[in-house]
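To start, the structure itself, in C-alpha cells.
The values are calculated or read from the model by the stated rules, or taken from the named source; none is laboratory data. Computed from a predicted structure; not experimentally measured. Don't worry about glycine lacking a Cβ; one is built from the backbone with ideal geometry, like all the others, and counts go over all protein chains shown.
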Amino acid sequence: MGFSKILNSYTQNILSEEEFEEFYEYIKTILPTTFRITGSRTTALEILNVVQKNYVPKLQNIVIDGVKIEPPKPLPFYPEQFAWQVNAPRLVVKKSPEFQEFHKFIVTETEAGNMSRQEAVSMVPPLLMDIKPHQWVLDMCAAPGSKTAQIIEAVHSNDKLNEMPTGLVVANDADYKRSHMLIHQSKRLQSPCFMATNHDGSQFPNIRLPDTSTPWQFDRVLCDVPCSGDGTIRKNEKIWDNWSPAAALQLHTTQVQIFARGCQLLKMGGRIVYSTCSFNPVENEAVVAEVLRQTKGAIRLIDVSNELPELKRKPGLKTWKVTDKEGHFVNCFEEVNEKLRKRFPLTAFPPTQAEADEMHLERCLRIYPHQQNTGGFFVAVFEKVEPLTAADRIHLAKMEGKDVAQTDLEEESKEAIPVKRSIPHDDPEENNTKKAKTEEEEEEAKPFEGKPKRDVPGIKEAPFELVSSDSEDLKDITEFYGLDASFPRDQFLLRSENNAKGRSLYFVSSAIKKVLESKDFSRLQTVNTGVRLFVRQSSPVEAGSPFRLTSEGLPLLDAVMSHQRRLQVNLDELRVLLVEAFPTVDRFLESSRAKLNAVTPGCCIAYLDEASCKQAEFVGSLILPVWKGKNSLNVLLNKKDKRSLCERLFHAIPEATPEHLVLRSTENQAAADAARKAQEEQE
Ligand SMILES: C[S@@+](CC[C@H](N)C(=O)[O-])C[C@H]1O[C@@H](n2cnc3c(N)ncnc32)[C@H](O)[C@@H]1O
C-alpha cells in the first residue's frame, strides 16, 4: 500500500482535480526551513534585532549560478516577526558565504535554545488558542513540546521584572520517555508556571485545588493528538513508502477520547483547540463531529476566519468517504463487509448534511502545502458555551451566586477518575534530556506508531515537596545573596539529583504551588516542575553560601538580589569575562577592581552597564552568573550559551580552560567544579 492510494483519496475526497495538480507539485519539493525565535521575550527581541539588522540586509541580492536567491522572510501570519522562513537549499548555503554565515548563526542559536526549528503550520494551533498571561493552560499531547514552548511564551508575554504571570501551563504526554522531552523545553524557557505530567490524555485526573471545592479546570486546552501524519509528507520520506489509510481508522477512537476528556477539563467560556498533521477526514472532521455529538451543545465550533488573516486556509469538509486498507472508498458503515466492521468505527463516517450544517464543520481549518509553501495541518477551535459536567454546573452556580445543587456535588465526586501514581524513580533529567535535545525536531512531526510507552522501569521521579519558608538553607541564601523581603520564600521545592540529597532548590509560581498543595497531588504523575534557582556545591566551600546561582534562575533573582553580590561590567570587561578562561581581577578596569576585591568569594550576578547595553544595541539588559574567587572570575554558563553570546557580541570563540588553571588552586577547583556542573546539568 503506497502513496498512490493517498493520491486517489485526495483527488476524490479533498481537493478538486486542478488543485490536486498544484498540491502534488508542492509535496514533491523540499520544505523550506522555518524557525521560531524563542526563549524569554528579552532574548527573543535581541535575536530578532540581530537577524533583521545583521543578516537580512546582507542576504538581499545573492545570486548563485545566475539565479537570485530569496532572502529570509518573516512568516506573514506569525506575530511580531518571531517566525522566519528560509528557502536556501544546501547548495546555496555551500556556495554563498553570506548564507553560510547565516546558517552558522542559526545553528549556534538553536544549540543555545534561542531559536527552534518548527514547521510553519505546526505554529498555528497555539496562536489560535488566544492565550493570556493569567490563563491556566493544558497541553494534552505535548511531546516533544514545540507548541508547549509557544504556550509558555504566550503565558509570559507580558513579563516585566518582578511580575510573575498568574497563569500556568501543564504539558502532558502519555509516553513516559517523550514526556521527559518537555523538561528540555521548559528549561529553555525558565518558567516557574510550568509542570510536565505523564498521563493517558483521555484519563487525565481530576485534581481538587486547596482553596476551591471544585476540580481543577483550564481556560485553554490543546489536543494536538497522535495522528497518521500525512501532512508531514514533505519532510518525512517514510510517508511515501509506508502510509496507509488504515492508521487513521485505528487512531480515530483514541483521538475522540482525548478530545472529549479535554472538553470536560475545559472551564465554562474557555477555548479548546483540536489539531492533527493529517489530511484524513477520519482523524479530523469525523472526530470533531463525534465530540460535538457527545457534548450535546456544550461545545461550539468557533468561526476564526478573522484570526490570523494572513494565514491561507480552506474550510473543513462536510462530507467525505472513508478509505479502507486497500485504498478503496467506503461511503457508509453499511457498505463495510460484516467481517471487517470491527475495524471501522461507526463515527468515522460523515454526518448527514443537516447535521454537518448545524455543526458548522466548515469552520474547521484545512491548511495545504500549496497554499503558502508549507506542510499540511488541520485545526479546529471550540468554546465551551454550556455546562458539560457537574464541575461546570458547580462553577456556574458559584459564579452566579446561586446555591450549588447537592446532586451536582455528589455527581462531581464520582466524575473524578482514580489514577494511580507510578513508582518513583531516579533523576529523569540526567537520563533523558540529552536524548530529547537531539530527537526533538524529528519527533515533532513523527507519525504515531503504536501505543504510547508508560512506566519505564529503572527511571525514578525526583520528589516535588515544598520547603518550609523558614528552612536554614533558605535563611542562609537570603542573607548571602541579600534577597529582598518581597521574594516569596514559601514557593521552593528541594529536589534531589544524582542521588545527592536535597541538591537543588526549585522555585514555583503561586498557581503551581496550589497544585502541589492539593491533597490529590499524589494522583498526578508529575515529571517536572519549577525553575532551579540554587544548587548545592559538591566541593566544600571555605566561606560564603554552599549554594551557587544558576543561569536559568537569574531572570527571577535579578530584581530581588541586593547590590552586595552584583558586579557592573562594561563591554570590554564583558569581553574579558566571556572570552578568557578564569581572568584575574587585574584584567578588569581599575574602577572595578575595588568592588571585585571587596566581594567575598562565591557566586555573583555580573550585569552590563547601561551605556554598554546601548553601545551593543541590546534591547534589554544582560545578566550572567559569575563565580568570584579570591583573585579570579569565571562565568557560569554552559559551553553552548557562552559560545552563542561570544559570537553574537564579539565575533569571538571562548578560550578553553587551560589544565593548569583548572588544577592550580582550591579556589579554581571550586569554580571549575561549579562551571563543569552547570554545563553538565544544562546540556
Ligand atoms: C503529534 S504528537 C504531539 C506534538 C506536540 N504537540 C508538539 O507540538 O511538539 C502526539 C503526541 O501524543 C502522545 N500520545 C499518544 N497517545 C496519547 C494519549 N492517549 N494521551 C496523551 N498523549 C498521547 C504521543 O506520545 C505524542 O508525543
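Kindly evaluate Ser116 against the criterion of being surrounded by fewer than 18 Cβ atoms within 10 Å (Cβ to Cβ), of a type in the set (Ser, Thr, Tyr) and not in a helix (DSSP H, G or I). In short, no.
Looking at Glu285, Glu358, can you tell me which residue is modelled with pLDDT of 95 or more and under 30 Å from Trp240 (Cβ atoms)?
Glu285
Please enumerate the residues belonging to the range 343-389 that are of a type in the set (A, V, I, L, M), part of a helix (DSSP H, G or I) and within 30 Å of Leu311 (Cα to Cα).
Across the range 343-389, the qualifying residues are Ala348, Ala354, Ala356, Met359, Leu361.
Across the range 130-142, the qualifying residues are those that are assigned to a loop (DSSP other than H, G, I, E, B) and under 12 Å from His199 (Cα atoms), and the one among them that is nearest to the ligand (Cβ to nearest atom) is Cys141.
The set of residues in the range 329-384 that are in contact with an Asp or Glu (Cβ under 9 Å, 6 or more places away or on another chain), closer than 16 Å to Glu290 by Cα and of a type in the set (Gly, Ala, Ser) comprises Ala348, Ala356, Ala380.
Within the range 314-329, residues that are surrounded by 15 or more Cβ atoms within 10 Å (Cβ to Cβ) reach partners that are among the basic types (Lys, Arg) with beta carbons closer than 9 Å, at six or more positions or on different chains, in the pairs Lys314/Arg366; Gly316/Arg363; Gly316/Arg366; Leu317/Arg366; Thr323/Lys5; Asp324/Arg343; Gly327/Lys5; Phe329/Lys321. When Val169, Val121 are screened for being free of Cβ contacts under 8 Å to residues at least 40 places away in the same chain and crowded, with 24+ Cβ neighbours inside 10 Å, only Val169 passes. Identification of helices (runs of 4 or more DSSP H) wholly contained in the range 569-683 with 1 or more residues that are modelled with pLDDT of 75 or more and on the phi < 0 side of the Ramachandran plot yields 571-579, 590-598, 610-615, 639-650.
All of (1) outside any loop (DSSP other than H, G, I, E, B); (2) touching a helix residue (DSSP H, G or I) at 6+ places or on another chain (Cβ under 9 Å); (3) free of Cβ contacts under 8 Å to residues at least 40 places away in the same chain hold for Leu340 with one exception: (2). When each of Thr529, Thr550 is tested for being surrounded by 18 or more Cβ atoms within 10 Å (Cβ to Cβ), modelled with pLDDT of 90 or more and under 22 Å from Asn634 (Cβ atoms), the lone residue that passes is Thr550.
The number of residues in the range 157-202 being modelled with pLDDT under 95 and assigned to a helix (DSSP H, G or I) comes to 13.
Can you find even one residue in the range 177-194 that is within 12 Å of the ligand (Cβ to nearest atom), in contact (Cβ under 8 Å) with a residue 40 or more places away in the chain, surrounded by fewer than 21 Cβ atoms within 10 Å (Cβ to Cβ) and outside the structural domain of Val381 (by the TED database)? Yes; the residues of the range 177-194 include at least one that is within 12 Å of the ligand (Cβ to nearest atom), in contact (Cβ under 8 Å) with a residue 40 or more places away in the chain, surrounded by fewer than 21 Cβ atoms within 10 Å (Cβ to Cβ) and outside the structural domain of Val381 (by the TED database). Comparison of Ser562, Ser621, Ser591 shows that the only residue that is surrounded by fewer than 18 Cβ atoms within 10 Å (Cβ to Cβ), free of Cβ contacts under 8 Å to residues at least 24 places away in the same chain and hydroxyl-bearing (Ser, Thr, Tyr) is Ser591. Of all residues in the range 207-263, those being part of a loop (DSSP other than H, G, I, E, B) and within 16 Å of the ligand (Cβ to nearest atom) number 9.
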